[in-house]
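Peer 1: Let me begin by handing over the structure; questions about it come next.
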Amino acid sequence: MDAHISDGDVRGTVRAPPSKSYTHRAILAAGYSDGAIVRSPLVSADTKATARAVEAFGGDAIRNTERDTYEVDGFGGDPDTPGNVVDCANSGTTMRLVAGAAALADGKTVLTGDDSLRSRPQGPLLTALTELGADAESTRGNGQAPLVVGGPIEGGEVAIPGDVSSQYITSLLMAGAATDEGVEIDLTTELKSAPYVDITIEVLDAFGITAEPLGADAAAGADGFRVAGGQHYEPSDGEYTVPGDFSSISYLVAVGAIAADPDSEVVVEGAFPSAQGDTAIVDVLERMGAAVEWREDDGVIVVDRSDLSGVEVDVGDTPDLLPTIATLGAVADGDTHIVNCKHVRLKETDRVAAMADELEKMGASVTEEEDTLTIHGDESDLTGAAVSGRADHRIVMALAVAALAADGETVIEGAEHVDVSFPGFFDALYDLGASVDLVGEDGPDEAHPI
């Protein structure tokens with residue numbers, strides 16, 4: 001499906017979707033429990049994959065649309081060996097998090113996914129699980145899926161790099177609480193994307209599980225992590241509520257900063273404080289000169305159209321913000337330097353190269369280096385073009401934001417991939433007054449006005 005988007009002013013109020021990161025962890029934590037209710041979950045292609053995995057391990061995850069919940073009957077920390085291959089689709093988070101659960105099962109679990117997921121690195125997690133006593137390997141011997149993981153592990157101490165994926169740490173912590181001995185993790189390199197481990201520790205705490213960083217008060221700067229074994233997953237009152245998603249919020253506030261009606265504003269609801277590192281988008285916008293106000297107690301962000309100036313942004317802990325910041329840089333004055341971004345090349349696609357290539361098609365001037373992406377705003381003049389979303393939800397949404405600031409119509413191939421994290425994204429743009437048409441193989445989508 002293609003999205004046809006024309007430049008134009010927007011205004012109004014939209015609500016942020018629930019957090020994908022929190023939803024993944026909450027559904028799996030509920031799976032580790034005897035049973036729990038997950039309220040206000042993000043229901044997307046990725047989180048559905050995690051719900052299916054919980055069911056594969058012997059639990060049950062029932063979606064109640066009327067109550068906006070997942071009602072999870074868990075496997076009580078003792079997962080069954082799945083009777084079939086576990087298909088994680090395009091969700092790297094699912095594969096990595098449930099690999100730890102697979103290592104608890106008394107049997108072998110096969111984990112696979114689509115072409116993109118089967119190209120992503122899993123080797124360090126497989127090595128760590130092997131050190132803990134699991135039989136964990138890549139079927140192709142290249143550290144990539146399909147994976148075969150057999151257990152059960154009893155716990156222990158393990159060393160793992162922190163600069164590939166923080167999801168490895170999350171997997172070990174979540175599974176470690178259900179082992180007999182617990183798990184202690186020693187980091188062999190500096191941890192990237194540290195706020196995501198803070199999210200994990202926050203969710204674990206809400207489910208009654210104690211886990212802690214070593215050598216620091218939070219994940220950033222930690223030497224490692226520890227979780228005691230023999231713990232029981234049980235949230236307070238038997239339920240957990242998912243907060244709003246700041247990765248998705250980043251696109252909405254960027255829309256306000258570059259395309260809000262000069263006589264109006266864009267208001268984003270559901271933006272309550274949490275451990276999410278991507279709350280940094282508010283600070284980035286402020287540094288670029290945007291008129292943005294975050295009313296934290298109300299969970300509301302108000303953004304006015306603003307003249308932006310280029311800044312330097314380190315995305316070591318906030319890789320998902322790179323596409324949004326690159327788009328903002330293309331409409332800002334001066335250069336925007338996005339640094340410490342090498343690990344962003346290991347996502348659903350190489351997002352550094354993808355944003356460089358696609359923004360250049362729209363008239364942006366970009367310099368791409370291995371660990372830095374520079375957008376030359378003074379040399380950029382965005383014009384509508386045919387661009388590719390690279391089968392990556394974040395690339396699609398960032399290009400849609402850019403399209404609102406480009407002269408003429410932009411056509412984004414692969415628009416359907418927003419279903420991974422923000423299924424209502426184009427509805428949100430339409431509600432703000434954007435000119436959006438979704439066109440499939442059979443012509444315009446007649447089921448919706450956009």
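The values are calculated or read from the model by the stated rules, or taken from the named source; none is laboratory data. Only a predicted model underlies this, so the values are computations on that prediction, with no experimental measurement involved. Cβ placement follows ideal geometry from the backbone for every residue including glycine, while neighbour counts extend to all protein chains displayed.
Peer 1: Return only the number of the condition from (1) among the small types (Gly, Ala, Ser); (2) farther than 21 Å from Gly277 by Cβ; (3) surrounded by 24 or more Cβ atoms within 10 Å (Cβ to Cβ) that Ser165 does not satisfy.
Peer 2: (2)
Peer 1: Of everything in segment 287-319, what is part of a helix (DSSP H, G or I) and within 23 Å of the chain's Cα centre (by Cα)? Give them in sequence order.
Peer 2: Answer for segment 287-319, where residues must be part of a helix (DSSP H, G or I) and within 23 Å of the chain's Cα centre (by Cα): Glu296, Pro319.
Peer 1: Is it the case that some residue within segment 380-396 is buried (at least 18 other Cβ atoms within 10 Å of the Cβ), more than 26 Å from Asp427 (Cβ to Cβ), outside the structural domain of Asp163 (by TED's automatic domain parsing) and in contact (Cβ under 8 Å) with a residue 24 or more places away in the chain?
Peer 2: Yes: segment 380-396 contains one or more residues that are buried (at least 18 other Cβ atoms within 10 Å of the Cβ), more than 26 Å from Asp427 (Cβ to Cβ), outside the structural domain of Asp163 (by TED's automatic domain parsing) and in contact (Cβ under 8 Å) with a residue 24 or more places away in the chain.
Peer 1: Go through the residues of segment 366-375 one by one and say whether even a single one is touching a residue at least 60 places away in the same chain (Cβ under 8 Å), surrounded by 22 or more Cβ atoms within 10 Å (Cβ to Cβ) and at negative phi.
Peer 2: yes
Peer 1: Still on this structure, I have one more. Test Val344 against the stated conditions and say whether it is in contact (Cβ under 8 Å) with a residue 24 or more places away in the chain and under 19 Å from the mean Cα position of the chain (by Cα).
Peer 2: yes
Peer 1: Could I ask something else about it? Among what's in segment 64-78 and is under 21 Å from the mean Cα position of the chain (by Cα) and either buried (at least 16 other Cβ atoms within 10 Å of the Cβ) or at pLDDT below 95 (or both), pick the residue that is nearest to Leu111 (Cα to Cα).
Peer 2: Tyr70
Peer 1: Can you find a residue that is of a type outside the set (Ser, Thr, Tyr), assigned to a strand (DSSP E or B) and buried (at least 17 other Cβ atoms within 10 Å of the Cβ) anywhere in segment 188-210?
Peer 2: No, the conditions are met nowhere in segment 188-210.
Peer 1: Oh, and also: Would you confirm whether any residue within segment 9-30 is crowded, with 21+ Cβ neighbours inside 10 Å, in contact (Cβ under 8 Å) with a residue 12 or more places away in the chain, over 25 Å from His232 (Cβ atoms) and acidic (Asp, Glu)?
Peer 2: no
Peer 1: Which condition breaks for Pro273 when tested against (1) within 20 Å of Arg15 (Cβ to Cβ); (2) modelled with pLDDT under 95; (3) surrounded by 18 or more Cβ atoms within 10 Å (Cβ to Cβ)?
Peer 2: Unmet condition: (3).
Peer 1: I want to confirm something. Restricting to segment 112-131 and keeping residues that are surrounded by 19 or more Cβ atoms within 10 Å (Cβ to Cβ) and among the small types (Gly, Ala, Ser), which single residue is nearest to Asp163 (Cα to Cα)?
Peer 2: Only one residue tops the list, namely Ala128.
Peer 1: Scan (1) in the same structural domain as Gly76 (by TED's automatic domain parsing); (2) surrounded by fewer than 24 Cβ atoms within 10 Å (Cβ to Cβ) for the single condition Ser6 breaks and write down its number.
Peer 2: Result: Ser6 fails condition (1) only.
Peer 1: Among the numbered criteria (1) surrounded by 15 or more Cβ atoms within 10 Å (Cβ to Cβ); (2) in a strand (DSSP E or B); (3) β-branched (Val, Ile, Thr), which one does Thr81 miss?
Peer 2: Looking at each condition in turn, Thr81 falls short on (2).
Peer 1: Here are some residues: Ala49, Ala36, Ala29. Which one is in contact with a Cys (Cβ under 7 Å, 6 or more places away or on another chain) and either modelled with pLDDT of 95 or more or of a type in the set (Val, Ile, Thr) (or both)?
Peer 2: Exactly one residue qualifies, and that residue is Ala49.
Peer 1: Ok, one more. Going through Ala99, Ala105 one at a time, which residue ends up being in contact with a helix residue (DSSP H, G or I) (Cβ under 8 Å, 6 or more places away or on another chain) and either touching a residue at least 60 places away in the same chain (Cβ under 8 Å) or surrounded by 17 or more Cβ atoms within 10 Å (Cβ to Cβ) (or both)?
Peer 2: Ala99
Peer 1: Would you be able to tell me the number of residues in segment 230-266 that are part of a helix (DSSP H, G or I) and either of a type in the set (Ser, Thr, Tyr) or surrounded by fewer than 21 Cβ atoms within 10 Å (Cβ to Cβ) (or both)?
Peer 2: Count: 7.
Peer 1: Assess whether Ile153 counts as being modelled with pLDDT of 95 or more and within 12 Å of Ala99 (Cβ to Cβ).
Peer 2: The answer is yes for Ile153.
Peer 1: Please determine whether any residue of segment 212-219 is crowded, with 23+ Cβ neighbours inside 10 Å, closer than 25 Å to Gly162 by Cα and touching a Pro at 6+ places or on another chain (Cβ under 8 Å).
Peer 2: Looking for residues that are crowded, with 23+ Cβ neighbours inside 10 Å, closer than 25 Å to Gly162 by Cα and touching a Pro at 6+ places or on another chain (Cβ under 8 Å), one finds at least one in segment 212-219, hence yes.
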